[in-house]
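Enquirer: Can you keep this structure in mind? I'll have questions shortly.
The values are calculated or read from the model by the stated rules, or taken from the named source; none is laboratory data. Predicted, not measured: the structure shown is a model, and the values here were computed from it. Glycine also receives a Cβ, built like all others from the backbone with ideal geometry; neighbour counts cover every protein chain displayed. With ligands, DNA and RNA removed, areas are computed over all heavy atoms of the protein, side chains included. Shrake-Rupley method; radii C 1.70, N 1.55, O 1.52, S 1.80 Å.
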Amino acid sequence: MSNRDSLEQGNNEKLYQYFLEEERKYKAARIALGLKRAREQGRVIISRVPFGYRSSYGKLQIDVQEAKVVEKVFQYLAEEKSYKSVSTCLIVMDILIRIGLGLQVISD
């Protein structure tokens, strides 16, 4: 391999890296713009819907059954109960059961 070949290969690598970096910047700007537009339209872009809500056409709506559980949790916390005791109360009252890593409402 001559000096010229290695020089050209080095320049090609720098050019390739330059284009990769520019594409990354362009993609990041497009994503940021898309998220901004979604927020302005009231749409929510999240990977997991928070407990107490459900997603409908990209917008969060209150899930009435789960909202009752959220109200109970805040009521217990206002009474200065610990997180563990709140969890225990909800399980004992058959409101929640553990399924894997999440919780599921099992009664009204």
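Enquirer: Pick from the stretch 1-11 the residues that are part of a helix (DSSP H, G or I) and of a type in the set (G, A, S): which of them is modelled with the lowest pLDDT?
Expert: Looking at residues that are part of a helix (DSSP H, G or I) and of a type in the set (G, A, S), I get S6.
Enquirer: So which of K84, K14, K68, K27 is out of contact with any Gly (no Cβ under 8 Å at 6 or more places or on another chain), assigned to a helix (DSSP H, G or I) and in contact (Cβ under 8 Å) with a residue 40 or more places away in the chain?
Expert: Going through K84, K14, K68, K27 in turn, just one is out of contact with any Gly (no Cβ under 8 Å at 6 or more places or on another chain), assigned to a helix (DSSP H, G or I) and in contact (Cβ under 8 Å) with a residue 40 or more places away in the chain: K68.
Enquirer: Follow-up question, since we're still on this one. When only residues in the stretch 26-73 that are of a type in the set (S, T, N, Q), open to solvent by 60 Å² or more (accessible area, probe 1.4 Å) and out of contact with any Asp or Glu (no Cβ under 8 Å at 6 or more places or on another chain) count, which is farthest from S87 (Cα to Cα)? First the steps, then the outcome.
Expert: So the first thing to find is which residues in the stretch 26-73 are of a type in the set (S, T, N, Q), and the list is 41, 47, 55-56, 61, 65.
Keeping just the survivors that are open to solvent by 60 Å² or more (accessible area, probe 1.4 Å) gives 41, 47, 55, 61, 65.
So of that shortlist, the ones also out of contact with any Asp or Glu (no Cβ under 8 Å at 6 or more places or on another chain) come out as 41, 47, 55, 61.
Working: Q41: 36, S47: 25, S55: 25, Q61: 24 Å.
Top of the filtered list is Q41.
Enquirer: Which condition number does R98 fail, the rest of (1) at pLDDT 85 or above; (2) open to solvent by 90 Å² or more (accessible area, probe 1.4 Å); (3) closer than 25 Å to R48 by Cα being met?
Expert: Condition (1) is where R98 drops out.
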